[in-house]
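Okay, structure first, notes after.
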Amino acid sequence: MVPFDSLFDDIIQKTMPSFTDEFGVNFFGSNSYPKVDVVDHDDRITIEAEIPGLSKKEVSVDLEENILTISGAKQSKDESPEIKYIRKELKRSSFKRSFKLGENINQKNVNADFNNGVLLITLPKKEPEKPKKIKIL
C-alpha cells in the first residue's frame with residue numbers, strides 16, 4: 001500500500017470512526033483487488049471498480065446474507081515453455097473481494113453494470129422508517 005493511502009485511511013478512521021458501521025461497507029482493506037470507489041448518495045451507495053482486461057462473462061457479482069462479493073478470473077492463455085518473459089506484471093490470477101452491507105440497503109434492487117472494464121454496482125438505500133406515533137388510550 002502506498003504510504004499516502006495508509007495515511008488517508010488512518011485520517012478517515014480517526015475522524016469518522018463509525019463510518020463503516022453506519023454504511024456497512026468496509027473498504028479500508030489493504031492490498032485489496034480490485035480497487036474501488038465507494039460513494040454515498042442520498043438514496044443509494046455506489047461501488048465502482050476498475051477491472052481491466054476482463055470481459056463481462058469473466059466477472060461475477062453475488063449477494064448473499066448481507067455480503068456483496070465481486071469476483072473474476074481471466075481466462076489464461078496457453079503458455080508454452082518457449083515463451084520467455086523478460087518482465088511479467090499483468091495480473092492473470094482470479095480475485096474475490098467482499099463487502100458487508102448495512103441494514104440500510106434495499107438488497108432486492110441492487111444492480112450492476114459492466115462497461116469498458118468498469119464495474120458499477122448500485123445499492124439503493126431503504127426508506128428510513130418514520131417514528132410510529134402511539135395513541136394513548
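The values are calculated or read from the model by the stated rules, or taken from the named source; none is laboratory data. Predicted, not measured: the structure shown is a model, and the values here were computed from it. Every residue, glycine as well, gets a Cβ built from its backbone with ideal geometry; the counts of neighbours run over all protein chains shown. The protein model used for the area step is the full one, side chains on, heavy atoms only, and it has no ligands, DNA or RNA in it. Shrake-Rupley method; radii C 1.70, N 1.55, O 1.52, S 1.80 Å.
Residues of the stretch 98-137 that are out of contact with any helix residue (DSSP H, G or I) (no Cβ under 6 Å at 6 or more places or on another chain) and aromatic (Phe, Trp, Tyr): 99 alone. A Cβ distance below 6 Å, combined with a sequence gap of six or more or placement on separate chains, defines the contacts here; from the stretch 120-137, residues that are touching a residue at least 60 places away in the same chain (Cβ under 8 Å) and within 28 Å of residue 35 (Cβ to Cβ) reach residues that are polar (S, T, N, Q) and open to solvent by less than 100 Å² (accessible area, probe 1.4 Å) in the pairs 122/46; 122/111; 124/106; 124/109; 125/104. So, of the residues in the stretch 31-60 that are open to solvent by 50 Å² or more (accessible area, probe 1.4 Å) and not in a loop (DSSP other than H, G, I, E, B), which turns out to be nearest to residue 108 (Cα to Cα)? Result: 44.
Here are 63, 119: which of them is surrounded by 15 or more Cβ atoms within 10 Å (Cβ to Cβ), touching a strand residue (DSSP E or B) at 6+ places or on another chain (Cβ under 6 Å), hydrophobic (A, V, I, L, M, F, W, C) and modelled with pLDDT of 90 or more?
Details: 63 fails: touching a strand residue (DSSP E or B) at 6+ places or on another chain (Cβ under 6 Å).
Checking each option against the conditions leaves just 119.
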